[in-house]
Structure formats: structure tokens, C-alpha cells
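Chemist: Have a look at this one.
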Amino acid sequence: MILPVSLLLGSVSLDLVANYCLKRSCGFQRMAWGITGLLMIILAFVLLSIVVRYVPLSVAYSAWGSLGVLGTVTLDRFLFNSRLGRQGIIGVICIVLGIIGLQLA
């Protein structure tokens with residue numbers, strides 16, 4: 001079970017790098033950042049495709065998406081000084097509860 005979890009975390013990490021690169025690309029005005037972001041997301045999906053050999057798609061994709069959203073919110077806060085409002089915080093709490101629910105199912 002270590003292999004799928006490691007690959008899932010690697011895929012989430014690549015997704016976070018992709019999101020960072022896309023933010024830095026300024027809407028693809030900085031083409032190198034944009035292309036790097038696209039390459040990272042492709043690699044993230046390659047890893048995710050390996051994960052679904054071991055884990056049901058519904059669990060793998062929802063965990064991947066949720067961890068990606070949580071990681072992106074965290075990166076956005078610390079790297080770009082963005083803040084969440086009350087509704088955003090409630091949304092993040094719902095995501096965390098959803099991940100816990102999936103793991104218990």
C-alpha cells in the first residue's frame with residue numbers, strides 16, 4: 001500500500017508545482033512558466049493513472065483533487081499572500097471532512 005500512497009502524493013506534488021507555474025505564467029504571457037505547468041500536470045496524471053491500478057478511481061481521484069485543492073490554498077496563502085474569507089474556510093473544512101469520510105468508507 002506504500003507504493004500507491006507514495007505515487008498519489010507525488011502526483012499531488014506535481015499538481016501543486018503545475019498550479020504554481022500557471023500562476024507565475026500570468027495567463028501564458030510568460031510562456032516558459034505556462035509550458036512547464038502543462039508538463040507538470042501531464043506528469044501528475046501519468047502518476048495518477050498508475051495509482052488507479054491499486055486504488056479505486058473514486059477514492060484516488062477524490063483524494064488527489066482534495067489534497068490538490070488544500071495544497072493550492074496553502075501555497076496561495078504563503079507564496080502569494082492570498083486570504084480566504086469565511087466561505088472559503090468553510091469550504092476547506094468540508095473538503096477535509098470529505099477526505100476523512102472517504103478514508104473511513
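Please treat every number below as a calculation from the coordinates, not as lab data. Remember, it's a predicted structure, so these values are computed and weren't measured experimentally. Every residue, glycine among them, receives a Cβ derived from its backbone with ideal geometry; neighbour counts consider all protein chains shown.
Chemist: Just the Kirkwood number for the stretch 1-74, please: inverse of mean 1/r across all distinct Cα pairs, in Å, one decimal.
Modeler: One over the average 1/r among Cα pairs gives 12.4 Å for the stretch 1-74.
Chemist: List the DSSP H helices in the chain whose Cα atoms stretch 24 Å or more along the helix axis and whose mean Kyte-Doolittle hydropathy is at least 1.6. The partial results should precede the final answer.
Modeler: On the way: long enough: 2-24 (33 Å, 1.17); 31-51 (30 Å, 2.50); 57-80 (32 Å, 1.07); 86-104 (27 Å, 1.91).
Span-like helices, by this rule, are 31-51, 86-104.
Chemist: Determine the distance separating the Cα centre of the stretch 1-75 from the Cα centre of the stretch 89-103; give it in Å without decimals.
Modeler: If you average the Cα positions of each part, the centres end up 19 Å apart.
Chemist: Still on this structure, please answer the following. Given charges of +1 on the Cβ of Lys and Arg and -1 on the Cβ of Asp and Glu, with all other atoms neutral, how large is the dipole of the stretch 2-104 about its Cα centre, in debye to the nearest 20?
Modeler: I would put it at about 260 debye.
Chemist: Turning to a different aspect of this structure: For the chain, what is the mean residue ellipticity at 222 nm derived from helices alone (per DSSP H run of n ≥ 4: -39500 (n - 2.57); sum divided by total residues; nearest 500 deg cm²/dmol)?
Modeler: Result for the chain, helices only: -29000 deg cm²/dmol.
Chemist: Say each of Asn81 and Gln103 gets a label point 7 Å from the Cα, pointing the same way as Cα to Cβ; how far apart are those two points in nm?
Modeler: Here the modelled spin labels are 3.4 nm apart.
Chemist: Here's another thing I want to ask about it. Over the stretch 2-104, calculate the relative contact order: mean separation of alpha carbon pairs under 8 Å at least 6 apart, over the residue count, as a percent. Please list the in-between numbers first.
Modeler: On the way: 85 pairs, mean separation 29.8, N = 103.
Here the relative contact order equals 29 percent.
Chemist: Further question on the same structure: So for the chain, taking the charge dipole from beta-carbon charges (+1 Lys/Arg, -1 Asp/Glu), which of Leu104, Ser11, Thr36 sits furthest toward the positive end?
Modeler: Thr36
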